[in-house]
Structures are given as structure tokens and as C-alpha cells.
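J.: Here you go, one structure.
The values are calculated or read from the model by the stated rules, or taken from the named source; none is laboratory data. Every value quoted in this text rests on a predicted model; they were computed, and no experiment measured them. Heads up, the Cβs are rebuilt from the backbone with ideal geometry, glycines too, and the neighbour counts pull from every protein chain shown.
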Amino acid sequence: MDGKIIKKCRLCNNKKLDRIINFGKIPLGNNLLSQKKLSKKAKKYPLILNNCKSCNHFQLNYSVNPKILYAKNYTYLSGTGKSMVIHLKKYADEIIKKINLKKNNIILDIGSNDGTCLLNFQKRKMTVLGIDPATKPCKVAKSKGIDSINNFFDKKTVRKVERLHGKVDFITSHNTLAHVDNLKSIFKNIHYILKYNGHFCFEVGYFKKVLNNNYFDTIYHEHLDYHHANPLVNFLTSIGFSIVDISVVKIQGGSLRILCKKDDKKNISKKALLFLKKEKRTVIFDKKFIMRWEKNIKAIMLDTRKKIIKKISNHKIFGYGSPTKIILFLKMLNLPRNKVKYIFEDNKLKQNKYLPIYGNKIVCTSEIKKLKPKFILIFAWNFKDDIKKKVYKINNKINLMVPLPKFKVI
Ligand SMILES: [Zn+2]
């Protein structure tokens, strides 16, 4: 099966869901193809964002089969982004101190990727175990000596963990819980496998930041859930967690960090209560703004399109970066097909492949010398500063354009 339509809220089961944005059908951003011919035939899936009328949770209305999404095509490695490595080290230092983790404690990471986070706990002589369905990152983790289970965090995996270690002291998870279709069962599995008084801390992209900055292109099939604190806390307390802390951290354009404890008291700390109250006064609960968002985005993209065409005139444009979000961005930008030439890319696993449907070839960054682009549009706009440095080292006369949060030439 390729996927399924979701008719009930992933958190509260309510059937009343408001449609916020319908992007139509688009191909999977990670499905890069080896031939141009094949790229044209790439399968497309619906991309529609819904909002639950009862708990306000934002979510996609269609789940692509996770086996199609992750098992083979997932090539992202946490260890390649310097800022992520630093972030996870700092995180481990903080959390170990805060909840007083000790030598020989058992630490579980859900969506452990290449083991970058767990390394920090292993260094302090704790017993670590990673769980991740993506094959390539899991292999990398094992090669670093991080014990990892290459599977989804389902009942079978939970039983395996229990057989190996019994109940665990601490569970951590970073940028994984936006990717989960059966959120409720994941949280219940986490609650089950934790020791009484054990802690669970997770980080997810904060949807408030997406709304405020119009980062609409971060909406794609891999991201099923678009989180904010209120619906999460309602659910977590309902299954027996207490909420110790809620905060926003800078990484990934703004992430939400929630720390909870399994004590079946369902307490919410004063600080967390204040966070929840404040969140209710922001854009995330502003129904009028939310219902206008689709219109806003369309207007912004129309304006961006005009600015780009005016700037490049008869020239062609090249791209930099082929992140998953490039597909939706190209669709919304809607430039004439032959206007966009090659896409430059640093990740070797993506080079010499073709974008699904659009068919643009992805080439190594060093090709800039040969292809002599006059204009480059940065699709990986969150890395614009690094990209600028790299391009300018080759040629500082190239016009670099950044599309979001506001179109500008840098
Ligand atoms: Zn709901």
C-alpha cells in the first residue's frame, strides 16, 4: 500500500478537521532518480494540511507508507551538520545535570540516526541504545560503536528493548516525532518502557515559527505532524506523564523542547503552565490568520516569481541545494520549466541524480566553474551564509538570491 487518508486527529481522535492548505499532489522530495526519463514518471501524493478543531493539532491528511519514505531513500545524517553536533552535545550536558543521570543508566534514543546524540551519553559510561528505521544512518551508528536497532519503535521493538535492558532510565528524541503516523502509540510505548520516575525529553520543529515566517516549504510528506505545546501536553498528561519543562531552542529555525516524567501524577510545572498560556495568545491559535495563510503564501510566491523574472530577464537560473522542501517550493514558484537549469549540491549521495517530476539535474558544487551561472537561487535557504561563502570562493560576481523568509539578493 502506498499510503492512506487520515480521517481522525492523530492526537485526540476527533473527526472534525479543518483544511488549512491544499498543495495538490506532489512527488516525494527525497525520491531522487538516476535518469531524467524516470524522473518524469515519479509518483505524486496529496499534500494537504489539516487542523484539528478539538485539540488544535496541525497534521497532514495523507500518510505515505513509511517503508517508501525511510527504509532506503533517507540519506540525512545528523553528524554532517556541525551546528547539530554542537547542539546535541550541549543538550546532553544540560539534561544529564538537570535530571541527574548517572553512570550505568540506560538511555534510549528514538530516531537515533547516526548516533550523534547517544555518543554524548556513552562517553559518560551510560548504556545507550538507538532505534531508527533508516538503514544507512543506522549502519553509521553501529560503526561508531553505538548499539542500534534498525526498526520502527513499535510493540515488537519495545519487547526487544525490554528483553535486552528491562525498563530504561531516560528516553530522548530529536526531530523524529514530526515523522510519526501513529503518534499516540509511540508515546504510549515510551511511557511503557520507562522506569517509574524516569524522564522523557524530546525536540520537534515548532509550527509557530513556520507560521510566523511563512516557511511553508517545510511542509512535506515526511512531516506528518506540525507541533505546538498545547495539544502535546494534553495528550502526554492524559497517558500519565507529568510535564516538567517546556522551552524553545534555536536549532532548526526554532524547535520545541518538552521534558516529561513518568510518575502518573499528571502535574504541569508552573513554568510549563505559563508557556501554555502564552502560546494560546500567539498566531498558532489565531484562526483568522490560519485560514488566510494559504492566500498569503500564494501572494508571497507570486511576488517572488515577479521579482526573480525581473532580475534575471532573459538569463537562466541555477539552484543551490536540493533539500526535500525544493519540490513544493518549485511548484509554488511556478517558473517556466526551462528557466531553471542545474541544481548545485554538496551531498554526494544526491549528485548526478534528477529531481522527481521537474527533472533538473543535481550536480557537484565544483561545476560552478564550468557552468558559469550568473544567477543562483538558494533552495537550502536555511544555510544561506555557508552557501554564500562557498560560492564566493569560486566566483564572487554571481548574483545569489534567497527566497525565504523574504526574497532578497545577497
Ligand atoms: Zn485533535
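J.: Can you tell me which residues in the stretch 314-372 are at positive phi and among the basic types (Lys, Arg)?
T.: LYS372
Residue by residue, here is whether (1) in a helix (DSSP H, G or I); (2) in the same structural domain as SER247 (by TED's automatic domain parsing); (3) surrounded by fewer than 14 Cβ atoms within 10 Å (Cβ to Cβ) holds:
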{"site": "LYS271", "(1), (2), (3)": "yes, yes, yes"}
{"site": "MET301", "(1), (2), (3)": "yes, no, no"}
{"site": "PRO323", "(1), (2), (3)": "no, no, no"}
{"site": "SER366", "(1), (2), (3)": "yes, no, yes"}
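J.: Still on this structure, please answer the following. Going by the conditions given, is ILE376 in contact with a strand residue (DSSP E or B) (Cβ under 7 Å, 6 or more places away or on another chain), touching a residue at least 40 places away in the same chain (Cβ under 8 Å) and among the hydrophobic types (A, V, I, L, M, F, W, C)?
T.: yes
J.: Next question. Go through the residues of the stretch 16-24 one by one and say whether even a single one is more than 20 Å from the chain's Cα centre (by Cα) and more than 16 Å from the ligand (Cβ to nearest atom).
T.: Taking every residue of the stretch 16-24 in turn, at least one turns out to be more than 20 Å from the chain's Cα centre (by Cα) and more than 16 Å from the ligand (Cβ to nearest atom).
J.: Let me ask another. Residues in the stretch 159-175 that are under 19 Å from PHE241 (Cα atoms) and surrounded by 19 or more Cβ atoms within 10 Å (Cβ to Cβ): how many?
T.: So the count comes out to 7.
J.: All but one of (1) surrounded by fewer than 19 Cβ atoms within 10 Å (Cβ to Cβ); (2) closer than 26 Å to PHE23 by Cα; (3) not hydroxyl-bearing (Ser, Thr, Tyr) hold for LEU328; state the number of the condition that does not hold.
T.: For LEU328, the exception is condition (1).
J.: Tell me the helices (runs of 4 or more DSSP H) entirely within the stretch 157-249 that contain at least 1 residues that are over 30 Å from ASN30 (Cα atoms) and either touching a residue at least 24 places away in the same chain (Cβ under 8 Å) or not basic (Lys, Arg) (or both).
T.: Filter on the stretch 157-249 gives 183-193, 229-238.
J.: If you don't mind, there's one more thing I want to ask. With respect to VAL180, determine if the residue is within 16 Å of the ligand (Cβ to nearest atom) and in contact with a helix residue (DSSP H, G or I) (Cβ under 7 Å, 6 or more places away or on another chain).
T.: Yes.
J.: Is one or more of the residues making up the stretch 55-66 within 16 Å of the ligand (Cβ to nearest atom) and hydroxyl-bearing (Ser, Thr, Tyr)?
T.: yes
J.: Please determine whether any residue of the stretch 283-291 is crowded, with 20+ Cβ neighbours inside 10 Å and in contact with a His (Cβ under 8 Å, 6 or more places away or on another chain).
T.: Yes: one or more hits.
J.: Determine the pairs where a residue that is closer than 11 Å to PHE58 by Cβ, located within the stretch 5-32, has a partner that is among the small types (Gly, Ala, Ser) and within 8 Å of the ligand (Cβ to nearest atom) with Cβ atoms under 7 Å apart, the partner being 6 or more residues away or on another chain.
T.: Here the result reads CYS9/SER54, each pair linking the stretch 5-32 to a residue that is among the small types (Gly, Ala, Ser) and within 8 Å of the ligand (Cβ to nearest atom).
J.: Could you pull out the residue among ASP147, ASP181, ASP217, ASP169 that is out of contact with any Lys or Arg (no Cβ under 8 Å at 6 or more places or on another chain) and among the charged types (D, E, K, R)?
T.: Result of the check over ASP147, ASP181, ASP217, ASP169: ASP147.
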